[in-house]
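The values are calculated or read from the model by the stated rules, or taken from the named source; none is laboratory data. For clarity, every value in this text was computed on a predicted model and none was experimentally measured. Quick reminder, even Gly has a Cβ in these numbers, built from the backbone with ideal geometry, and neighbours come from all protein chains shown.
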Amino acid sequence: MLDFHETNVVVVFIFSVLLISRMTRGYAYGICSSVISLLLFNWFFTKPYYTLKVNDLTYFITFAIMTFTSIMTSALTTKEKQAAAEAYEREYESNALYQMTNRLTDAEDASEIAEIIVKTSSDVLNCNTACICFDENGVPEKTLIQHKSDGTLVRRELTPAEEPGRNGPADTSDSECQYPIYAKNMVLAVLLVPRDTCSTMSASQTRMLHSIIESAALALERLRSLQAQAKSREEATQERYRSNLLRAISHDIRTPLSGIMGTSEMLMDKLKEEDPNYVLAEDIYQDAEWLHNLVENILNLTKLRDGKLVLDKQPEAIEEVIGAALMVMEKRIPDRVIDVDIPDEVIMVPMDAKLISQVLVNLLDNASKHTPKDREILISVKTDNEKASIAVADRGTGISEQDMPHLFQMFYTTRSKDSDTRHGVGLGLAICQSIVEAHKGTISAQNRSGGGAVFTFTLPLESD
Amino acid sequence: MINQNETILIVEDDSQIHNFIAYILKQEGFSCFIAKSAQNAMAVLLSQKIDLMILDMGLPDLDGMEVIRKVREWSEMPIIVVSARDQDKDKVSALDAGADDYLTKPFSAAELMARIRVLIRHLHQTVKSSAQPVISVGELSIDFEKRQVFLKGETLHVTPLEYNLLSLFFRNIGKVLTTQFILKEIYGIGYGTDTQALRALMAGLRRKIEPVPARPRYILTEIGVGYRLVDE
């Protein structure tokens, strides 16, 4: 028998309980070991020896304290061990997340971000996840990034069951759970996790998964806003380039045209009208003028049709605008009489005066081309509570049936005219329509009873 | 108008254009100088007696606006701007800087000559106006001393505001006055943006002086820019 003092035996007992709980997992081992040790102590060291009987009843107090102490020890140890394990796990988690966010900040496109989150989530959840990215219009891509068991990533086609809706994940797939990655109510991507992993995920894994999704959402959102910035910068550059080009064209064409027109005018001035060369100079002048009209019309139409036109709307007296248009016409065709019929009171209409006077000039120009010199051309204005209607009426040839549906089309010129008269460019009425519609008005054409045509356009009296 | 002896300076770098302008000016009996750059123009202005300047805005060495500002520091000579820029704001800023008129390229010789004639005639009128308190344009005349307006020889009743407006135009015959300039002169600073009031005032005045307000003879509208009193 070991010549041990009883106290030593008790200390050894407690130590062994401590060791056992340290080396095992959970409370059960510790408690078992303390009970078994107690029984052993009873067997070996209390009289009568080698039985579980006890002669000295005071031993029961010893037993009780021993049991209590050993259970507490084992419980404390186990708890300590669990805390350490948890701390380790946390450290691992935060380390993994840190690594991931680090890489996410450097990511340059959505698929790189997808690769990072697929890799991290696969490592953390110990399974093969996949990720579907959505484009900026909220439409899912046709392929996804899939983690393989050997640790590599592949891009593969979506199966129909995996296809997510526009608004988020599908729940149709039997093999995978879909987790949406959201920002500002918009789905940016969907993370696919095998369904059996989903059901067995621990609390910490779930937490991790949520952190990954959060970080991914942030990263994708950052990427989106960067892309949007780059896009708007690019658009601004293009816009600047375009308007510079337009300005350059209009400037560079106007200057030589004024040279040509001026010089031919000078020639016409030098030559007598009966001189055969006079006609040549006149032809040059007319061609240059025609070219000038074409260029102006094309430039105007480009500005209008781009939808970039900013109307400079102000209340204007309609008589002033008509007056300005008549002044232009007077210069072009000095001997052409145009009648005006407007109410006596001043009519103020919100409009971009320059553009509306151009509409009038175009309509008057059209009318004068199709109307003999001695026949009437009349501008009239009428108002009701909501709108002002301005009509340009002539007693000319009218509009033929086949031209009527195409009047306002770009580059449409009448087919029913003699072939030797100069054709228009076919932009005048298209420009009129664009301008009037930009003012939220309407424009229409009719034949008049008694011959001739009338073009009417309306402008709303209330500015919006 | 053959006995004209005014000297006109053409500031234009495009040789085709200054050639033809010089040609028509000589036809009309003006003598003229040509400058192909702003620097050149300044040299001519300092060494010659120039009565009127025709200025292209796109010069190779200096923006036309700068030329206008520099000339306005010491001279009131009429300046007609000839430019390929057709933006209203270019016109308005050139006129506000002190230009008298603005023509967009391409323009016709007749048009340019008409503008020059008005400004030259007006040049003589301002010289005499201190002695002659009555100025007439067509059938319309104004007596600055009596503060009265006459149409076809009869007294025309105008409100004080309308009189101020008319006298402003009569002091600037042939010159395009920008809306902002008129507002400042008529209403004073602070009413600078109320263009609607000016439109209404103008409409009222036209009903008194023009037979057909939509086809004005006297005060023409330069859309997006301002107004001009003509005397043709």
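Some notes on this structure:
- Among the residues making up region B:1-37, those that are within 19 Å of residue B:103 (Cα to Cα) and part of a helix (DSSP H, G or I) are B:15, B:16, B:17, B:18, B:19, B:20, B:21, B:22, B:23, B:24, B:25.
So that you can scan it fast, the table gives a plain yes or no per residue for (1) within 16 Å of residue A:259 (Cβ to Cβ); (2) not assigned by TED's automatic domain parsing to the domain that holds residue B:100; (3) not aliphatic (A, V, I, L, M):
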| residue | (1), (2), (3) |
| --- | --- |
| B:15 | yes, no, yes |
| B:22 | yes, no, no |
| B:35 | no, no, no |
| B:46 | no, no, no |
| B:67 | no, no, no |
| B:70 | no, no, yes |
| B:73 | no, no, yes |
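- Any chance residue A:312 is away from chain B (no Cβ under 13 Å), of a type in the set (Asp, Glu), farther than 21 Å from residue A:366 by Cα and surrounded by fewer than 17 Cβ atoms within 10 Å (Cβ to Cβ): no
- Test: residue B:119 is farther than 30 Å from residue B:48 by Cα and either free of Cβ contacts under 8 Å to residues at least 24 places away in the same chain or assigned to a helix (DSSP H, G or I) (or both): no
- Sole residue being away from chain A (no Cβ under 14 Å), assigned to a helix (DSSP H, G or I), farther than 18 Å from residue A:340 by Cβ and touching an Asp or Glu at 6+ places or on another chain (Cβ under 9 Å), chosen from B:183, B:168: B:168
- In region A:65-81, the residues that are among the basic types (Lys, Arg) and surrounded by 15 or more Cβ atoms within 10 Å (Cβ to Cβ): A:81
- All of (1) buried (at least 17 other Cβ atoms within 10 Å of the Cβ); (2) over 24 Å from residue A:19 (Cβ atoms) hold for residue A:138 with one exception: (1).
- In summary, strands (runs of 3 or more DSSP E) completely within region A:100-210 and bearing 1 or more residues that are without any contact (Cβ under 8 Å) to a residue 24 or more places away in the chain and among the β-branched types (Val, Ile, Thr) occur at A:143-147, A:153-157.
Conditions tested, residue by residue: (1) at pLDDT below 90; (2) buried (at least 16 other Cβ atoms within 10 Å of the Cβ).
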site	(1), (2)
B:95	no, yes
B:100	no, yes
B:109	yes, yes
B:119	yes, yes
B:137	yes, yes
B:168	no, yes
B:171	yes, yes
B:194	yes, no
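- Considering (1) out of contact with any His (no Cβ under 7 Å at 6 or more places or on another chain); (2) of a type outside the set (A, V, I, L, M); (3) within 14 Å of another protein chain (Cβ to nearest Cβ), the lone condition that residue B:12 does not fulfil carries the number (1).
- Residue within region B:208-218 that is assigned to a helix (DSSP H, G or I), outside the structural domain of residue B:91 (by TED's automatic domain parsing) and surrounded by fewer than 19 Cβ atoms within 10 Å (Cβ to Cβ) present: yes
- Region A:332-385, subset β-branched (Val, Ile, Thr) and facing chain B (nearest Cβ under 10 Å), residue surrounded by the most Cβ atoms within 10 Å (Cβ to Cβ): A:356
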